Structure formats: structure tokens, C-alpha cells
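Here the structure comes first, spelled out in C-alpha cells, and everything after it is commentary.
The values are calculated or read from the model by the stated rules, or taken from the named source; none is laboratory data. Everything numeric here is computed off the predicted structure, so don't read it as measured data. Positions of Cβ are generated from backbone atoms using ideal geometry, with glycine treated the same way; all protein chains shown enter the neighbour counts. We work out accessible area using only protein heavy atoms, side chains counted, and drop any ligands, DNA or RNA first. Shrake-Rupley method; radii C 1.70, N 1.55, O 1.52, S 1.80 Å.
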Amino acid sequence: RSSFNEISDAIIGGKRFAVVNFWRNVGDSPALSSPLAILLTRYDEHVAFPDAQPNMEKSKWYSFPAAASDEVIVFYQYDRNLFQPSDLWHCAIQAQARDGEEFPPRKSFDIRALVVLDEAVPEQLDRFRTNRTRPFLSFEESGCFCDEQAAIREQDIH
């Protein structure tokens with residue numbers, strides 16, 4: 001168990017850290033309305049967000065339209081080390097009901113865990129370096145991105 005100052009000092013000192021996300025449906029029925037979707041990003045070169053935009057033709061969406069309350073979806077959202085899998089984007093997508101069918105509203109929550117490892121990240125592999133590029137999407141723009149990608153995905157299905 002570490003104090004906030006110890007964790008902060010470790011991160012400032014170059015220790016590797018990762019963010020792990022845990023998502024769960026807490027409703028009485030499967031999460032059919034606005035299910036979780038996760039984008040597995042792919043890039044043209046060994047450069048990742050925010051230094052490059054994902055290649056959407058190579059990237060792939062995964063959705064979980066029937067996630068039940070006894071399931072937890074765990075995904076690795078970020079890693080300081082550039083060579084580690086990272087950069088999974090997630091959002092809710094609009095589900096299309098058929099023939100007047102209505103879905104109950106989704107009830108879910110997610111929680112993130114910050115994991116600090118006792119491992120230094122070499123500067124050339126440090127995604128969290130002090131001179132790093134800042135994200136090119138604002139909070140509002142990221143929501144629009146998910147909506148746009150969901151619309152494209154819907155068109156591809158039909």
C-alpha cells in the first residue's frame with residue numbers, strides 16, 4: 001500500500017504505469033440499449049495516439065450488446081511504455097431496436113485502476129514523457145468521434 005506522494009514520485013521518476021478499466025452492467029437485464037463498444041486502434045507506423053490518428057480501416061470495433069450483470073469486461077486502457085498494448089477507446093453505441101422493440105435503459109458503471117510498476121521506462125519508449133503531444137480531441141470532440149464511428153459501423157452492417 002502506497003501513499004499518494006509515493007505514487008506521484010514513482011510516476012515523476014519514470015516508473016511504468018498502466019490504467020486498467022473494469023466495466024459492468026448493473027441492470028436486471030442485458031445491456032441492449034447503448035451497449036459498450038471498444039475500439040482496438042491500429043496505426044500505420046509504430047506511433048500511437050496522441051502523436052498519430054488511428055487508421056480506421058485497420059482498427060476494429062468490438063461491442064458487447066448482451067453483457068449480463070454477472071459479467072465484467074476488463075480492458076487495458078493505457079500503458080506508459082510505448083511498446084505495450086494500449087490506446088483502447090471506448091464508448092456507448094446506439095443499438096437499433098427492431099419492429100417496435102424497446103430496450104430498457106442501460107445501467108452500468110466502470111472503474112479504473114492505476115497500476116504503478118517497479119520498472120523504469122526508457123525515455124525513447126515513454127508515452128508519458130514531459131514533451132509528449134497533448135490529445136488532439138477535446139472531451140466534446142471525442143463524443144462526436146464515437147457517434148461518427150457508430151454511424152459508420154451501422155452503415156457497414158447494412
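The set of residues in segment 29-51 being open to solvent by less than 30 Å² (accessible area, probe 1.4 Å) and either free of Cβ contacts under 8 Å to residues at least 60 places away in the same chain or of a type in the set (D, E) (or both) consists of I38, T41. Restricting E71, E141, E148 to residues that are within 30 Å of S29 (Cβ to Cβ) and modelled with pLDDT under 85 narrows the list to E148. Among all residues of segment 32-39, there is at least one that is at pLDDT below 90 and on the phi > 0 side of the Ramachandran plot.
This table checks each residue for (1) open to solvent by less than 70 Å² (accessible area, probe 1.4 Å); (2) on the phi < 0 side of the Ramachandran plot; (3) out of contact with any helix residue (DSSP H, G or I) (no Cβ under 9 Å at 6 or more places or on another chain); (4) in a loop (DSSP other than H, G, I, E, B).
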| residue | (1), (2), (3), (4) |
| --- | --- |
| W61 | yes, yes, no, no |
| D70 | no, yes, yes, yes |
| H90 | yes, yes, no, no |
| Q96 | no, yes, no, yes |
| E101 | no, yes, yes, yes |
| D110 | yes, yes, yes, no |
| L114 | no, yes, no, no |
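If the condition is being part of a loop (DSSP other than H, G, I, E, B) and more than 16 Å from Y76 (Cα to Cα), then segment 116-127 contributes V121, P122.
Just so you know, in segment 79-88 the residues that are surrounded by 18 or more Cβ atoms within 10 Å (Cβ to Cβ) and not polar (S, T, N, Q) include one that is farthest from R127 (Cα to Cα), and it is D87.
Being among the aliphatic types (A, V, I, L, M), closer than 17 Å to L114 by Cα and open to solvent by 30 Å² or more (accessible area, probe 1.4 Å) is a description that does not apply to V26.
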